[in-house]
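The values are calculated or read from the model by the stated rules, or taken from the named source; none is laboratory data. Everything quoted here is computed from the prediction, not taken from an experiment. Note that we place each Cβ from the backbone using ideal geometry, even for glycine, and neighbour counts take in every protein chain shown.
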Amino acid sequence: MERGINEGAKILLAGHSLARFGVNETGIPGLINLAFLSQDYYYSSLIIRSAIQKMPSLETVILGVSHISPFMDLSRSQNPNELARITRGYGRYFGDVHHMDSAMAAAEPDRVIWDDRVMSELYEARKADYFYGERSRRSLSDFDWSAMSEEARFEAARRRTDFHNRLLKHRETYEENITILSGMEEMCRDNGVAFRMVVFPSNRYYRHFLNPRLGDAFEEQQRRSLSKNTAVLDLVEDERFDSILDFVDPDHLNDVGADKMTGILRQWLEVS
């Protein structure tokens, strides 16, 4: 956010890990990538609101999504590592833990030294690019995707989608996210900022196991949330992405895929 303010960023990218892995912000002039792991619609909306308030240069907001996005609510997660992203990140920055139990949030042990000098050093190391030095897309993955056998890739995708398919049962979150998404579009419109959405590509292994009802629900949510003025770039089955060579795991792009995605997004922004 600070770098976006200092550089006069014109384009903001928000969204969860697919957008974090999938776009090189240095490849699109004026773009700041504030997507992050497990960033649901709620925290994306808080980031967008903060950016609109602090960055008068902002002209366009892009929300990076997938077919599971309508069912995501980080604060209702049962995974301690996921919830820690609220207590150490989103909640600390915004003072808002959403639906997470406040007592649980307060009891979370703080294992991070929040010293001004340490934070300054971290910022200086990371401000140019989230991926740097020893922290690459490959280093954050549990897979050597391109070296795996066909059978192993299908099994990894099955395990990943088993979790994602279970999100369908969260109808309360789905309905709440309709309101949040609509509010994001309205907030941008009221402040003279264009609102767009990008659906990131999926490889054939992941699509093979993903419940198609998630895609249907995604399209329904778009119809219920957005006006016809919101441009949506849907790359879920885009054939320009190779299911093996462009991915680092069952659903995230690798360096090659991110370069390709960045070029496509840059061209879309230029012509639309």
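Numbers at a glance
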read-out	value
Residue list for the stretch 63-99, restricted to those being within 23 Å of E186 (Cα to Cα) and of a type in the set (G, A, S)	G64, S66, S69
Every pair of residues 6+ apart whose Cβ atoms lie under 9 Å, when the first sits in the stretch 90-104 and is on the phi < 0 side of the Ramachandran plot and free of Cβ contacts under 8 Å to residues at least 60 places away in the same chain while the second is in a helix (DSSP H, G or I) and aromatic (F, W, Y)	Y90/Y42; Y90/Y43; F94/Y43; D96/Y42; D96/Y43; D96/Y90; V97/Y90; H99/Y42
Only listed residue being crowded, with 19+ Cβ neighbours inside 10 Å, part of a loop (DSSP other than H, G, I, E, B), touching a strand residue (DSSP E or B) at 6+ places or on another chain (Cβ under 9 Å) and not aromatic (F, W, Y), chosen from P201, P250	P201
Test for G257: is it farther than 16 Å from L63 by Cα, surrounded by fewer than 20 Cβ atoms within 10 Å (Cβ to Cβ) and touching a Gly at 6+ places or on another chain (Cβ under 8 Å)	no
Number of the condition not met by M119 [criteria: (1) in contact (Cβ under 8 Å) with a residue 60 or more places away in the chain; (2) over 22 Å from the mean Cα position of the chain (by Cα)]	(1)
Unmet requirement for R49, which otherwise passes all of (1) touching a strand residue (DSSP E or B) at 6+ places or on another chain (Cβ under 7 Å); (2) more than 28 Å from S202 (Cβ to Cβ); (3) charged (D, E, K, R)	(1)
Residue check for R160: over 18 Å from Y43 (Cα atoms), of a type in the set (D, E, K, R) and either in a helix (DSSP H, G or I) or within 17 Å of the chain's Cα centre (by Cα) (or both)	yes
Count - residues of the stretch 39-62 that are surrounded by fewer than 20 Cβ atoms within 10 Å (Cβ to Cβ) and touching a Lys or Arg at 6+ places or on another chain (Cβ under 8 Å)	3
Total residues in the stretch 125-154, condition part of a helix (DSSP H, G or I) and either under 30 Å from R3 (Cα atoms) or of a type in the set (A, V, I, L, M, F, W, C) (or both)	6
Residue selected from the stretch 93-116 under the condition under 16 Å from N81 (Cβ atoms) and at pLDDT 80 or above, by the criterion nearest to the chain's Cα centre (by Cα)	V97
Per-region count, the stretch 193-226, residues touching an Asp or Glu at 6+ places or on another chain (Cβ under 8 Å), farther than 27 Å from N254 by Cα and in contact (Cβ under 8 Å) with a residue 60 or more places away in the chain	2
Given (1) at pLDDT 95 or above; (2) over 17 Å from the mean Cα position of the chain (by Cα); (3) not acidic (D, E), number of the condition L31 does not satisfy	(2)
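This table checks each residue for (1) touching a strand residue (DSSP E or B) at 6+ places or on another chain (Cβ under 6 Å); (2) closer than 23 Å to L37 by Cβ.
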site: D115; (1), (2): no, no
site: E124; (1), (2): no, yes
site: R137; (1), (2): no, yes
site: F154; (1), (2): no, no
site: Y174; (1), (2): no, yes
site: E185; (1), (2): yes, no
site: F195; (1), (2): yes, yes
site: N211; (1), (2): no, yes
site: Q221; (1), (2): no, yes
